[in-house]
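Scroll down for the structure; my scribbles are underneath it.
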Amino acid sequence: MMFRSLAQLAMAGKFQAVAISVGFAVLAMFLPPFSLLSGGVVGLVSLRKGWQTGLSVAGLATVILALLSSLLGDPAIGLVFGLSQWLPVLLLTLVLRETGSWALTFQVSAVVLAVLVSLVHVVMPDIAAFWQSMLEGVLKPVLEQASPDEASQMQALLEAASGLMTGVVAASIMSSTILSLFFARAWQALLFNPGGFGEEFRALRLGNWMAYVALALFVAAALMRLNWIQELAVVFLLPFFFQGIAVVHGLKKMLQWHVSILIIMYGLMIIALPQVMALLTAIGLIDSFADFRKRLTPKSES
């Protein structure tokens, strides 16, 4: 009920949408997940009223957030939030609104981020050193207090992590953007097409070509051990994690499984996210070729 009221308020006018998106952005400084709701508001306006209106909402919200963050001494916080949270949502909203295809939306996201990751490596060949320096600066107090052995182990971990940070940041941007778009589409369906988002999500299937690219990059990353290739593999594999979730939701609906299946799946994500992500990504990849939801007969029809 609260989400419906928020969505109705956001659709009531531009300034209401700006106020809600800025409010969620401020809350995100204390609880980061609120950034997804902030992006969802911008996405909702864009999906329903067009990217021009969405852009004006995001632009005005960015200016207000920059002014608010300037009170803390750094107006760049607001600008960075607008560019990293709202701009990607606007770009993907344009694709989804014009095509109605979640598969194409994911594909565009992966391709654009892969290009950006590649450009970063071309422009900054030693990007790993940049990330290592940044991570060491953040963790400097911890490193100084650690024992020599612990500091050595942490240093090795930092070196390994710094080589993949560009891909991690890209994957983080993709995840937050897609989740914000999920909120936007769910709110749109709640107001204008009840049940529509659930049907769309359960039918998500990314296509064989993207699965082939993801598998090729995965094999190349395992064999070549190049950071750049590993990062591209992460970018192309991540969408299949979402497809894996869609497969479970789709089969639960078709075969009338108990809701406990979904509760267990999301519960395991909380306590063992890497392992569950790997499993669901594998399910998503296999589904690209096997198409479980098409092969299995709904329980009501059996």
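Annotations
- Region 198-209, subset over 18 Å from residue 277 (Cα atoms) and open to solvent by less than 40 Å² (accessible area, probe 1.4 Å), residue modelled with the lowest pLDDT: 207
- Restricting region 36-78 to residues that are outside any helix (DSSP H, G or I) and open to solvent by 10 Å² or more (accessible area, probe 1.4 Å), the residue that is nearest to residue 96 (Cα to Cα) is 75.
- Of the helices (runs of 4 or more DSSP H) lying entirely inside region 95-181, the ones with 3 or more residues being acidic (Asp, Glu) are found at 148-162.
- Note on region 210-240: among residues that are more than 19 Å from the chain's Cα centre (by Cα), buried (at least 19 other Cβ atoms within 10 Å of the Cβ) and aromatic (Phe, Trp, Tyr), the one that is nearest to residue 280 (Cα to Cα) is 218.
- Qualifying residue in region 285-294 (condition: over 23 Å from residue 178 (Cβ atoms) and surrounded by fewer than 15 Cβ atoms within 10 Å (Cβ to Cβ)): yes
- Residue list for region 273-284, filter: open to solvent by 30 Å² or more (accessible area, probe 1.4 Å) and free of Cβ contacts under 8 Å to residues at least 12 places away in the same chain: 273, 274, 275, 278
- Flag if residue 269 is surrounded by fewer than 19 Cβ atoms within 10 Å (Cβ to Cβ) and under 20 Å from the mean Cα position of the chain (by Cα): yes
- Residue list for region 97-109, restricted to those being in contact (Cβ under 8 Å) with a residue 40 or more places away in the chain and either more than 20 Å from residue 207 (Cβ to Cβ) or surrounded by fewer than 23 Cβ atoms within 10 Å (Cβ to Cβ) (or both): 97, 103, 107
The values are calculated or read from the model by the stated rules, or taken from the named source; none is laboratory data. Because the structure is predicted, anything quoted here is derived from the model rather than measured. Please note: Cβ atoms are built from the backbone with ideal geometry, for glycine as well, and neighbour counts cover all protein chains shown. The accessibility values were calculated without ligands, DNA or RNA, using every heavy atom of the protein model including side chains. Shrake-Rupley method; radii C 1.70, N 1.55, O 1.52, S 1.80 Å.
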